[in-house]
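Structure record follows, encoded as structure tokens.
The values are calculated or read from the model by the stated rules, or taken from the named source; none is laboratory data. Given the structure is predicted, the values throughout are model-derived calculations rather than measurements. All Cβ positions, even for glycine, are placed from backbone atoms using ideal geometry, and neighbour counts span all protein chains on display. Please note that ligands, DNA and RNA were not included when accessible areas were found on the heavy atoms of the full protein model with its side chains. Shrake-Rupley method; radii C 1.70, N 1.55, O 1.52, S 1.80 Å.
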Amino acid sequence: MLKKLFLSLMLSLTLTSVCADEGMWLPSLIGSRIKDMRKKGFRLSAEDIYSINKASLKDAVVLFGGGCTGEYVSEQGLLLTNHHCGYGSIQQLSSVEHDYLTNGFWAKSQAEELPVPGLTVRRLVRMEDVTGRIAAGEKAQDIVAEARKEGYAADVQQMYYGNQQFLFVYEIFRDVRLVGAPPSSIGKFGGDTDNWIWPRHTGDFSIFRVYADENNRPAEYSKNNKPYRPARHFEISTKGVDEGDFTMIYGFPGNTQEYVISDAVEYVAEVSDPMKIALRTKRLDIISAEQAKSAEVRIAYAAVHASIANAWKKWQGEVMGLRRLGTVAKKQAYEREFAAWAKSKPEYASLLDSMHTAYKQVETEYYIRELYNESVATVDVFNFARTIGRVAESGDEAKLATQIASFNKGYNRTIDEQIAAEMLGEFLQRMPSERLPEGLKAAVEAKGGAKKYVEWLFAQTSLLGDVAPTAEQVKADVMVTFAKQFEPIIENNRKYAYRNLSNVPEVERWYRPYMQALREWDKKRAFYPDANLTLRVAYGKVAGYEYADAEYHHPVSTIDGIIAKDDPNIYDYNIPQQLRDIYAAKDYGRWGEQVYGRYSVPVCFLATNHTSGGNSGSPIINGRGELVGINFDRTWRSTMSDIEFDPSICRNISVDIRYVLFVIDRIGGAGYLIEEMSLK
Ligand code: ARG
Ligand code: GLU
């Protein structure tokens, strides 16, 4: 018995060290990981990943728009990303006659590609540790200004809460054109229901092309621009992946907080997330009920619903995951050990106490900001009342009339009024009462509660009527006066507008010495800086997972699963007839293969790569550096990896590159695009 226990203990120890795939590594420092990567199946060198002397894979990866990743797959600037990353662009180019979101879009030639005004992609030219230069007295803005002289964009980013500074130099391309997108019934298959869920069957990709001037340099849109020739593009593997295969992801994860102390985890798991989830549940219930009544409302609110639901579901997984792992208790134990070590070190001995105090100081303020943003600030007419109040002050009657007319044109009063009632009620209940605007609570109670009060506001306001009010009327309007009461709160909230509670300066300053101390003390830990939308490498392998007893999830999904979910009566599961026909005839051509003993087409797969929001659209490559998939999601049960990564269940979800090619070829009829890619 004992021996058995010992054996299984040994086994679990080796298992965790073998599949410990935590980490988002800086590409310029990847040399420190390359031995481990090669042991796990990577065949390339650190120089292949990142080099400033020759073309490397980093030249094939871009920051797409403001918060996604994309990758070059041809010598002519052809770029892949997710459908949900291209969504805004596709929507912007769509009209009633050309509904590319619904029907998809395939340019038949370069002449048919559609410029997307405002869309940019950024290539990392180089990154440089400038900690020493800054310590020696150079100013960050001078370092940035110097880099800009080379004609690039640049910024200095903090790593480890400011213990290290890196200069990032970017080339920004502004002529980016839409080349192809599947219909939403493929690109958004499963909608918000399947979002963050495994098994998954979403063809979440879209295709763009970057254009440059005759010198291959970034330029504003011009029809004389030429397809950009990237220094490097990804070759594509058509061989697919098997369970256990090495995978690497290269992209721009946005935000993690792996080193925060228990106070911060407790805030996320017990205060912030639960509040945000509860408030979003109310908004989603209201919106969904109205969407179910009308197709027009469903379409008008599709993007709003998707964006509210996305974080809502992620946070639920995060809370579950943190509780399941007991992260708060684990961190407390870690902190006790740390404190015992730090006791004899004067520079660190009182550190944790200072941190606890700092959290106590700012937590309520940070919470008020989050609460306000998730409640009162989500009501369209309240926000409008703020802006229009200012226009009225300026006395510009013409501007006033146009803005009021344009607000009313797209306005859904039924939804907004219900949300206003719920959100005001929640705000009053959850705010520390001494911080509420003076007299607000009494005024609401006098009318019989939030719902009655909001009814009264909506009935009295002149902003929503048929007759446009004058500037004088707007200044005295009930909605405008109501909105004005929140100005002091908004003003104060600006001071706490940081990524996370732990990034509020009063707290963050203690993390600098704390991180130094951790690195001195916790010698076994492999440190990597938290994600901050700078380029990172993570690696792992294709793997399923067992979440609960006997609940094993296989790592590859197939077209059979799409057909099983297909239902013409459910909007999110109503696939194109073409796909049904191809399936019925098993006419998969070169894309068909045996999966789990069936002839099918692989669609999505799971891997153990440590990812976060921003990694959407990132290339997933095999050990030879060939593209095997495009990352687009995580399982919601593993989203606590932003705070604690658990190698046994944390999985990222990618669309298999062969499904992407299958859709381009067989659904889009755009096989000519595949010709310019390098298939292996
Ligand atoms: N969960 C993915 C991400 O965080 C995909 C979101 C878009 N898809 C959706 N159905 N809302 O961005
Ligand atoms: N879909 C996410 C994104 O937009 C990636 C999912 C995640 O958070 O891992 O970046």
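Descriptive notes on the structure:
- Size of segment 369-464: Rg and Dmax of its alpha carbons, in Å, are 14.2, 41.
- Shape of segment 78-227, Cα gyration tensor, a/c cut at 1.5: oblate
- Solvent-accessible surface of the chain, averaged per residue with a 1.4 angstrom probe and all protein chains in place: 43 square angstrom.
- Neighbour net charge for ASP466 - beta-carbon separation under 15 angstrom, K R +1, D E -1: +2
- Segment 329-368, dipole about Cα centre (Lys/Arg Cβ +1, Asp/Glu Cβ -1), debye to the nearest 20: 200 debye
- FRET efficiency, ARG229 to THR102 (Cβ-Cβ, R0 22 Å, nearest 0.05): 0.05
- Residues ALA295 and ARG126, FRET efficiency given R0 of 56 Å [Cβ-Cβ distance, rounded to 0.05]: 0.65
- Antiparallel %, DSSP beta bridges [both residues in the chain], to 5: 95 percent
- Near LYS108, once Lys and Arg are set to +1 and Asp and Glu to -1 for all other residues with Cβ below 15 Å from its Cβ, the sum equals -3.
- Taking the chain and dividing mean pair separation by its residue count, relative contact order in percent (alpha carbons under 8 Å, at least six apart): 24 percent
- Using a cut-off of 19 Å between Cα atoms, the listed pairs LYS282/LYS314; LYS39/LYS541; LYS149/LYS226; LYS282/LYS313 include LYS149/LYS226 as exceeding that distance.
- For ALA342, net neighbour charge (Lys/Arg +1, Asp/Glu -1) across residues whose Cβ lies under 12 Å away: -3
- Charged-residue dipole, Cβ positions (Lys, Arg, Asp, Glu), segment 231-361 about Cα centre, Debye nearest 20: 340 debye
- Per-selection Kirkwood Rh - the chain (Cα, Å, 1 d.p.): 27.3 Å
- Listed residue (ILE249, SER237, ASN225) projecting farthest to the positive dipole end of segment 221-275, Cβ model: ASN225
- Separation of alpha-carbon centers, segment 102-180 and segment 430-454, rounded to whole Å: 46 Å
- A Cβ-based charge dipole, computed about the Cα centre of the chain with Lys and Arg at +1 and Asp and Glu at -1, lands at about 1440 debye.
- Given charges at Cβ of Lys, Arg, Asp, Glu: the chain dipole, positive-most of GLY449, CYS604, PRO27: PRO27
- For segment 57-113, the fraction of alpha-carbon pairs in successive 10 Å shells from zero, as %: 20, 46, 30, 4, 0
- Segment 193-247-segment 302-381 distance, computed between alpha-carbon centres (Å): 35 Å
- The portion of the accessible surface of the chain made up by carbon and sulfur, rounded to a whole percent, is 52 (1.4 Å probe; DNA, RNA and ligands excluded).
- Here's the list of lysines a cross-link from LYS586 could span, going by alpha-carbon distance under 21 Å and ignoring same-chain residues fewer than 8 apart: LYS239, LYS565.
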